[in-house]
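Visitor: This is the structure I want to talk about, given as structure tokens.
The values are calculated or read from the model by the stated rules, or taken from the named source; none is laboratory data. What you see is a predicted model, and the numbers here were worked out from it, not measured in a lab. Heads up, the Cβs are rebuilt from the backbone with ideal geometry, glycines too, and the neighbour counts pull from every protein chain shown.
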Protein chains: 2
Amino acid sequence: MTQAIANQTKTNATFRALKCKECGAEYELQAMHVCEYCFGPLEVAYDYTALRETVTRESIQKGPHSIWRYRPFLPVATDNPIDVGTGLTPLVRANRLARRLGLKKLYIKNDAVNMPTLSFKDRVVSVALTRARELGFTTVSCASTGNLANSTAAIAAHAGLDCCVFIPADLEAGKVLGTLIYSPTVMAVQGNYDQVNRLCSEVANTYGWGFVNINLRPYYSEGSKTLGYEVAEQLGWELPDHVVAPLASGSLFTKIYKGFQEFTEVGLVEGKHVRFSGAQADGCSPIAQAYRENRDFIKPVKPSTIAKSIAIGNPADGVYALDIARKTNGNIESVSDPEIIEGIKLLAETEGIFTETAGGTTIAVLKKLVEAGKIDPEETTVAYITGNGLKTQEAVQGYAGEPLTIEPKLDSFERALERSRTLERLDWQQVLV
Amino acid sequence: MTQAIANQTKTNATFRALKCKECGAEYELQAMHVCEYCFGPLEVAYDYTALRETVTRESIQKGPHSIWRYRPFLPVATDNPIDVGTGLTPLVRANRLARRLGLKKLYIKNDAVNMPTLSFKDRVVSVALTRARELGFTTVSCASTGNLANSTAAIAAHAGLDCCVFIPADLEAGKVLGTLIYSPTVMAVQGNYDQVNRLCSEVANTYGWGFVNINLRPYYSEGSKTLGYEVAEQLGWELPDHVVAPLASGSLFTKIYKGFQEFTEVGLVEGKHVRFSGAQADGCSPIAQAYRENRDFIKPVKPSTIAKSIAIGNPADGVYALDIARKTNGNIESVSDPEIIEGIKLLAETEGIFTETAGGTTIAVLKKLVEAGKIDPEETTVAYITGNGLKTQEAVQGYAGEPLTIEPKLDSFERALERSRTLERLDWQQVLV
């Protein structure tokens, strides 16, 4: 079944083939993502023996302060990747949020401040565009719910690659402007993400472009493994007990899992049973529905939620995410749009982190799982925050309160302060009643 | 003239007094900012002999990946500062922008991705709130043009401090929401920043609050020195030849200068003549006007520009910035609002960095100075980008182009692509004509 893998140009490359997740067929390291035998998704395979022999905690720590310190675990051959400072975002010990929820050891992995475009997508795009350049592509593209378009356009601009991105026409203003500003070609498709994605598959077959999440998907998605590696390294080379992450296509979730597995496999951390819990919005929860109904297949849905960045009705890696949640004794839960807004506010006022709707979903699900007793207060828990709130301002506009308008005079200020304190007291009385 | 400095609680503190920049009078390390003798501004003084003996490049590099690796140069006594990952933002080698401008060695110091709130203000606030806590304050406050309010509210939330911020009522939506979300008390003052600032001085005298940029200003402003330290360290412990930075109050500019001086003084870098050039918006350019008219005093102006974050008509440190630009053989230049928008776009499309109006001002001034022959192409030049474009979307809305709206069909995409390519050719023809 396996094809011979030839022309590995660099000897220090530790990735050796594309391999079908379903039937195990192997392919050369080209731009393709679907198995020709069984139509399963392709994934990058590595030489773990070589990795075990060459990579140490020290060799990683000596590397750059970015995802590229894990280069041997990433599918690029070059020693000169596109490095715009992506990754190694803070793992914040969230004591104030933990107290509010009733947990003892909670961390926020904060990709709301990932570089350069403030979402975890900078990780996957840095990898995909580095690989695209290696494979000779000069135009890069993507089907995006917003964050991916921001990231692809920005990093392509930095690297001097031509860029054309596809988004649903109804995206948040910040995500559209946050793409246009880099001057790519932007196609606003009158349809939902799943329709955008189908169109892009057709375009990818017709044009010689590198679509980061289509024909380059096996390389691209590997970038998310760094969210696993970093948490392990930042916890002092230990794995957490429980992770909570948002589910869109499901890819992020499976790759954090793969990251933990690989670090264990090559001896960088001790093996540990980590529970994986996934977060969806009620308005687009095909994976949570399958989980609840004990199905092992996904029924596609038509998304309708403020959490647009995770609104994928037909998630490519949904079944794999489902499998991981089940076999690790985790959970998949969904929350309503109002709960998502509350999640955004809760994280902001306890930890000073302003996340977008996807992050609000994660925090709301975290809260729901704790309240249902599905996260043990003693577990070291990591919640993944994947994007920045400045991009989805519409979602919380009108729910974050209003400033107190005053004249530039001391007595005007004092009257306003008195009013606000009275209101606060009233708020508290309502809480007590 | 000097007062005895008593009760230094920690022996490892290297800051020893507040000292008047004008008359040299010294004061205890309390919350005050104006000299009682001559009304000059107070600045923190250090024991440089102790610093020279204890701080090395290695000791710094062993420190955290944040501004706190420079703690001995910062005015806090604690070994447990508020560290939310602020600082050590990328120093990007900007080859594509350099080529466009005709420079050989250009770097962007990118605080558009500073943590947690995406502006250089996170540096000064991290220092100010750490010091506020040491001095026993439980409520913190500020007079802000937006970024400072974001940062104070976020870091106060993380640290569990009460917070009340003052902003002009006409700020950009992103800056208002980006403050409200952390649930501080927000006072929107009907007036410009200078009026907000005056009101806050009155409040600071009446309430026992720690105003980061009023009674805590000497500590607060020291945080900006880290923008000097980091550039020196990131250039391999060398100083650049020329820096270009925005001027609002003028504080940032003087503190980058102080940072370079200190590193030279204690032997961490070799001394070098660094030219300092400042950037203002035409609509609020009191320092540039004084520079052009060869005055050594500032005539306050009434601001009217899209660059609201640097719209300070009566800049507290204006004369010091003026002095530095002159004595280093630098320049102070101003640009129009359309040039600021072009500056934002130029940086985005060449380097993939989306900055706010202040950053657009810096890039537009950089361009203007190069075109006027005031920056030598051979100089190693660093442009300081101080904030993120997602906060001032209004400024570029309508100037960044529009997406091409298409149906989710291949032929609709192909027609749109053809149209956009035709338009591009027309654009080029116009350029060639």
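Visitor: Looking only at segment B:326-351, which residues are free of Cβ contacts under 8 Å to residues at least 40 places away in the same chain and either among the β-branched types (Val, Ile, Thr) or touching a helix residue (DSSP H, G or I) at 6+ places or on another chain (Cβ under 8 Å) (or both)? Before the answer, list the steps.
Guide: Going through segment B:326-351, the residues free of Cβ contacts under 8 Å to residues at least 40 places away in the same chain turn out to be B:326-327, B:338-339, B:342-343, B:349.
Correct list: B:Arg326, B:Glu339, B:Glu342, B:Gly343, B:Glu349.
Visitor: Filter segment A:155-202 down to residues that are part of a loop (DSSP other than H, G, I, E, B), within 21 Å of the chain's Cα centre (by Cα) and of a type in the set (S, T, N, Q), then give me how many there are.
Guide: Residues flagged as part of a loop (DSSP other than H, G, I, E, B), within 21 Å of the chain's Cα centre (by Cα) and of a type in the set (S, T, N, Q) within segment A:155-202 amount to 1.
Visitor: If you scan segment B:326-372, which residues turn out to be assigned to a loop (DSSP other than H, G, I, E, B) and within 20 Å of B:Arg292 (Cβ to Cβ)? If you could, list the steps in order and put the result at the bottom.
Guide: Quick first cut of segment B:326-372, residues assigned to a loop (DSSP other than H, G, I, E, B) only: B:328-331, B:336, B:352-354, B:356, B:372.
Matches in segment B:326-372: B:Thr328, B:Asn329, B:Gly330, B:Asn331, B:Ser336, B:Ala372.
Visitor: Now, a different point. Considering only residues that are touching a residue at least 40 places away in the same chain (Cβ under 8 Å) and surrounded by fewer than 20 Cβ atoms within 10 Å (Cβ to Cβ), look in segment B:202-213 and name the one that is farthest from B:Thr305 (Cα to Cα).
Guide: The first filter runs over segment B:202-213 and keeps only residues touching a residue at least 40 places away in the same chain (Cβ under 8 Å), leaving B:203-204, B:207-213.
Checking which are surrounded by fewer than 20 Cβ atoms within 10 Å (Cβ to Cβ) leaves us with B:207-208.
Working: B:Tyr207: 33, B:Gly208: 34 Å.
The qualifying residue farthest from B:Thr305 (Cα to Cα) is B:Gly208.
Visitor: Restricting segment B:117-161 to residues that are on the phi > 0 side of the Ramachandran plot and of a type outside the set (A, V, I, L, M, F, W, C), which is surrounded by the fewest Cβ atoms within 10 Å (Cβ to Cβ)?
Guide: B:Gly136
Visitor: Can you tell which of B:Gly389, B:Gly352 is within 13 Å of another protein chain (Cβ to nearest Cβ), touching an Asp or Glu at 6+ places or on another chain (Cβ under 8 Å), surrounded by 15 or more Cβ atoms within 10 Å (Cβ to Cβ) and under 26 Å from B:Leu101 (Cβ atoms)?
Guide: On the way: B:Gly352 fails: touching an Asp or Glu at 6+ places or on another chain (Cβ under 8 Å).
Of B:Gly389, B:Gly352, the one residue that is within 13 Å of another protein chain (Cβ to nearest Cβ), touching an Asp or Glu at 6+ places or on another chain (Cβ under 8 Å), surrounded by 15 or more Cβ atoms within 10 Å (Cβ to Cβ) and under 26 Å from B:Leu101 (Cβ atoms) is B:Gly389.
Visitor: Hey, does segment A:100-113 have a residue that's over 27 Å from B:Asp111 (Cα atoms) and aromatic (Phe, Trp, Tyr)? I'd like the intermediate steps shown before the answer.
Guide: First, pick out the residues of segment A:100-113 that are over 27 Å from B:Asp111 (Cα atoms): A:100-106.
Checking the rest, the ones that are also aromatic (Phe, Trp, Tyr) come to none.
Looking through segment A:100-113, none of the residues is over 27 Å from B:Asp111 (Cα atoms) and aromatic (Phe, Trp, Tyr).
Visitor: Considering each residue of segment B:19-38, count those that are closer than 23 Å to B:Ser141 by Cβ and of a type outside the set (D, E, K, R), and give that number.
Guide: Adding up the residues that qualify gives 8.
Visitor: Which one of the conditions (1) closer than 24 Å to B:Val335 by Cβ; (2) in contact with a Lys or Arg (Cβ under 9 Å, 6 or more places away or on another chain) does B:Leu404 fail to meet, given that it meets all the rest?
Guide: (1)
Visitor: Turning to a different aspect of this structure: Among strands (runs of 3 or more DSSP E) lying entirely in segment B:54-147, which contain 1 or more residues that are touching a strand residue (DSSP E or B) at 6+ places or on another chain (Cβ under 6 Å) and away from every other protein chain (no Cβ under 13 Å)? Lay out the reasoning, then the answer.
Guide: Details: elements: B:91-93, B:105-110, B:139-143.
Qualifying strands (runs of 3 or more DSSP E): B:105-110, B:139-143.
Visitor: Give just the number: which of (1) at the interface with chain A (Cβ under 7 Å from one of its Cβ atoms); (2) at pLDDT 95 or above does B:Val165 not satisfy?
Guide: (1)
Visitor: Being within 13 Å of chain A (Cβ to nearest Cβ) and modelled with pLDDT of 95 or more, is that true of even one residue in segment B:422-430? It would help to see each step written out before you state the result.
Guide: As a first pass, look at segment B:422-430 and keep what is within 13 Å of chain A (Cβ to nearest Cβ): B:422-424, B:427.
Add one more test, that the residue is modelled with pLDDT of 95 or more, and what stays is none.
No, that holds for no residue.
Visitor: Restricting attention to segment A:218-240, report how many residues are part of a loop (DSSP other than H, G, I, E, B) and either over 11 Å from A:Leu268 (Cα atoms) or of a type in the set (Phe, Trp, Tyr) (or both). Before the answer, list the steps.
Guide: Taking segment A:218-240 as the starting set, the residues that turn out to be part of a loop (DSSP other than H, G, I, E, B) are A:223-224, A:235-240.
Okay, now just the ones that are also either over 11 Å from A:Leu268 (Cα atoms) or of a type in the set (Phe, Trp, Tyr) (or both), so A:223-224, A:235, A:237, A:240.
Adding up the residues that qualify gives 5.
Visitor: Something else about it: If you scan segment B:282-306, which residues turn out to be of a type in the set (Lys, Arg) and in a loop (DSSP other than H, G, I, E, B)? Even if it seems obvious, please write down each step before you answer.
Guide: So the first thing to find is which residues in segment B:282-306 are of a type in the set (Lys, Arg), and the list is B:292, B:295, B:299, B:302.
Scanning segment B:282-306 gives B:Arg295, B:Lys299, B:Lys302.
Visitor: Pull up segment A:383-421, narrow it to residues that are assigned to a strand (DSSP E or B) and of a type in the set (Ser, Thr, Tyr), then point me to the one that is nearest to the chain's Cα centre (by Cα). So that I can check it myself, show each step before the final result.
Guide: First pass over segment A:383-421, keeping only residues assigned to a strand (DSSP E or B): A:383-385, A:387-388, A:404-406.
Those still in the list that are of a type in the set (Ser, Thr, Tyr) too: A:384, A:405.
Values: A:Tyr384: 8, A:Thr405: 38 Å.
Out of the qualifying residues, it is A:Tyr384.
Visitor: Now a separate question. Output the number of residues of segment A:307-323 satisfying the condition of being within 13 Å of A:Leu171 (Cα to Cα) and of a type in the set (Val, Ile, Thr).
Guide: First, the residues of segment A:307-323 that are within 13 Å of A:Leu171 (Cα to Cα): A:307-311.
Now restrict to residues that are of a type in the set (Val, Ile, Thr): A:310.
Counting residues in segment A:307-323 that are within 13 Å of A:Leu171 (Cα to Cα) and of a type in the set (Val, Ile, Thr) gives 1.
Visitor: Select, from A:Glu379, A:Glu407, the only residue that is modelled with pLDDT of 95 or more, surrounded by fewer than 19 Cβ atoms within 10 Å (Cβ to Cβ) and within 7 Å of chain B (Cβ to nearest Cβ). Outline the logic, then answer.
Guide: Working: A:Glu379 fails: within 7 Å of chain B (Cβ to nearest Cβ).
After applying the criteria, what remains is A:Glu407.
Visitor: Follow-up question, since we're still on this one. List every residue pair whose Cβ atoms lie under 6 Å apart, where the two residues are 6 or more positions apart in sequence or sit on different chains, the first residue falls within segment B:29-56 and is more than 9 Å from B:Lys19 (Cα to Cα), and the second residue, located anywhere, is part of a loop (DSSP other than H, G, I, E, B) and among the acidic types (Asp, Glu).
Guide: Once the first residue is more than 9 Å from B:Lys19 (Cα to Cα) and sits in segment B:29-56, its partners that are part of a loop (DSSP other than H, G, I, E, B) and among the acidic types (Asp, Glu) give B:Cys38/B:Glu22; B:Gly40/B:Glu22.
Visitor: Scan segment A:367-401 residue by residue and report those that are of a type in the set (A, V, I, L, M) and out of contact with any helix residue (DSSP H, G or I) (no Cβ under 7 Å at 6 or more places or on another chain).
Guide: At the first step, the residues of segment A:367-401 found to be of a type in the set (A, V, I, L, M) are A:369-370, A:372, A:375, A:382-383, A:385, A:390, A:395-396, A:400.
Result: A:Leu369, A:Ala372.
Visitor: If a residue has to be among the small types (Gly, Ala, Ser), within 14 Å of chain A (Cβ to nearest Cβ) and closer than 22 Å to B:Phe276 by Cβ to count, how many in segment B:327-349 make the cut?
Guide: Going through segment B:327-349, the residues among the small types (Gly, Ala, Ser) turn out to be B:330, B:334, B:336, B:343, B:348.
Filter again for within 14 Å of chain A (Cβ to nearest Cβ), leaving B:343, B:348.
Those still in the list that are closer than 22 Å to B:Phe276 by Cβ too: B:343.
Of the residues in segment B:327-349, 1 are among the small types (Gly, Ala, Ser), within 14 Å of chain A (Cβ to nearest Cβ) and closer than 22 Å to B:Phe276 by Cβ.
Visitor: The conditions are (1) outside any loop (DSSP other than H, G, I, E, B); (2) over 18 Å from B:Asp194 (Cβ atoms); (3) in contact (Cβ under 8 Å) with a residue 60 or more places away in the chain, and B:Asp323 fails exactly one of them. Which is it?
Guide: It fails just one condition, (3).
Visitor: Something else about it: Here's a check for you: in segment A:181-195, which residue that is facing chain B (nearest Cβ under 7 Å) and buried (at least 23 other Cβ atoms within 10 Å of the Cβ) is farthest from A:Leu216 (Cα to Cα)?
Guide: Taking segment A:181-195 first, the residues facing chain B (nearest Cβ under 7 Å) are A:181-183, A:185-191, A:195.
Now drop any that are not buried (at least 23 other Cβ atoms within 10 Å of the Cβ), which leaves A:181-182, A:186-187, A:189.
Working: A:Ile181: 24, A:Tyr182: 22, A:Val186: 19, A:Met187: 20, A:Val189: 21 Å.
My answer is A:Ile181.
Visitor: Sort out which residues of segment B:366-375 are loosely packed, with under 14 Cβ neighbours inside 10 Å and on the phi < 0 side of the Ramachandran plot, and write them in order of number. Walk me through it before giving the result.
Guide: Just the residues of segment B:366-375 that are loosely packed, with under 14 Cβ neighbours inside 10 Å, to begin with: B:371-373.
Matches in segment B:366-375: B:Glu371, B:Ala372.
Visitor: On to the next question. Being surrounded by fewer than 22 Cβ atoms within 10 Å (Cβ to Cβ) and more than 18 Å from A:Leu97 (Cβ to Cβ) is the filter here, so list the residues in segment A:325-349 that pass it.
Guide: Within segment A:325-349, A:Arg326, A:Lys327, A:Thr328, A:Asn329, A:Ser336, A:Asp337, A:Pro338 meet the criteria.
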